[in-house]
1. On each of the three principal axes of the Cα atoms of the chain, give max minus min coordinate, whole Å, ordered largest first.
2. At a threshold of 8 angstrom on Cα-Cα distance, excluding pairs fewer than six apart, so keeping six or more, what relative contact order does the chain reach in percent?
3. Restricting to DSSP H runs of at least four residues, report the calculated mean residue ellipticity at 222 nm for the chain, -39500 (n - 2.57) per run over all residues, nearest 500 deg cm²/dmol.
4. Hand me the tally of lysine pairs in the chain: alpha carbons under 27 angstrom apart, and the pair either on different chains or 8 or more positions apart.
5. Between S68, S48, S112, where does the largest GNM mean-square fluctuation fall for the chain, given springs only between Cα atoms within less than 10 Å?
6. Compute a Gaussian network model of the chain, connecting alpha carbons closer than 10 Å, and tell me which residue from I116, I57, I15 fluctuates the most.
7. Any idea of the accessible area per residue across the chain, 1.4 Å probe, to the nearest Å²?
8. Which of D133, D62, D52 ends up with the largest GNM mean-square fluctuation for the chain, with Cα atoms connected below 10 Å?
Amino acid sequence: MEKSVERIIFFSRWILAPFYIGLLVAALVLLYHFGVELFHFVTHSAGSKESDIILGILALIDLTLTCSLLLIVVFSGYENFVAKIDPEEHPGWPEWMSRIDFAGLKQKLMGSIVAISAIQVLKAFMNLQPGSDWTQLGWLVGIHMVFVVSAVLLAVTDRISGDH
C-alpha cells in the first residue's frame, strides 16, 4: 500500500506539465504583443520625440524581461519539479538551465521582478507632466522599493542558510 501511495505522489508531479505549457502559450501571447509594439515603434519613430522613443524602447525591454521571466519559470520549474533534462542531449542548451536550484530560481525571479518594476517606475518618471499625480508615482516607487528590499532579504537569508 505504501509503495502505491508513493508512486501516485511521485507521478503527480506531471500535473505541473500543463501549467508550464500554459506559460509557454502566455509567452507566445507576449511575442505577439512584442511584434505589435515593435511595428508601432518602428512606424511611428520618424516623427517621435526622444522621450517617446525611449518609452517605446522601455516597453520592448519590459516585454522581453517578462517573457524571460516566464521562460526561467518554465525551464527551471520543469527541471526542478517534473523531470530532469539531460543537457548532453541538447547541445544548444544554456548551462544554467541544468544547474539552477530552487534558491537560484528565487534569485532570478526576484531579479527579473525588480528590473520590470524599475522599468515601470522609469516609464512613469518619463511621462511626468505638469500637474501629474505624485501620489501614484510615490506608490510606484514605494512598491519598487519593497521588491528591492525583498530581493536583498531573500539573498541574505539564502546566504545565511547556505543556499548560495
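The values are calculated or read from the model by the stated rules, or taken from the named source; none is laboratory data. As the structure is a prediction and not an experimental result, all values here were calculated from the model. So basically every Cβ, Gly included, is an ideal-geometry build from the backbone, and we count neighbours across all protein chains shown. Note: accessible area is taken over every heavy atom of the protein model, side chains too, but ligands, DNA and RNA are not part of it. Shrake-Rupley method; radii C 1.70, N 1.55, O 1.52, S 1.80 Å.
1. 70, 38, 29
2. Details: 97 pairs, mean separation 36.4, N = 164.
Over the chain, the number comes to 22 percent.
3. About -26000 deg cm²/dmol.
4. Values: K3/K84; K49/K123; K84/K106; K84/K108; K106/K123; K108/K123.
Taking the Cα cut-off of 27 Å, the pair count is 6.
5. Sorting by GNM fluctuation, first place goes to S48.
6. Between I116, I57, I15, it is I15 that shows the largest mean-square fluctuation.
7. Details: 11090 Å² over 164 residues.
For the chain, the solvent-accessible area averages 68 Å² per residue.
8. Comparing D133, D62, D52 in a Gaussian network model of the chain, the most mobile one is D133.
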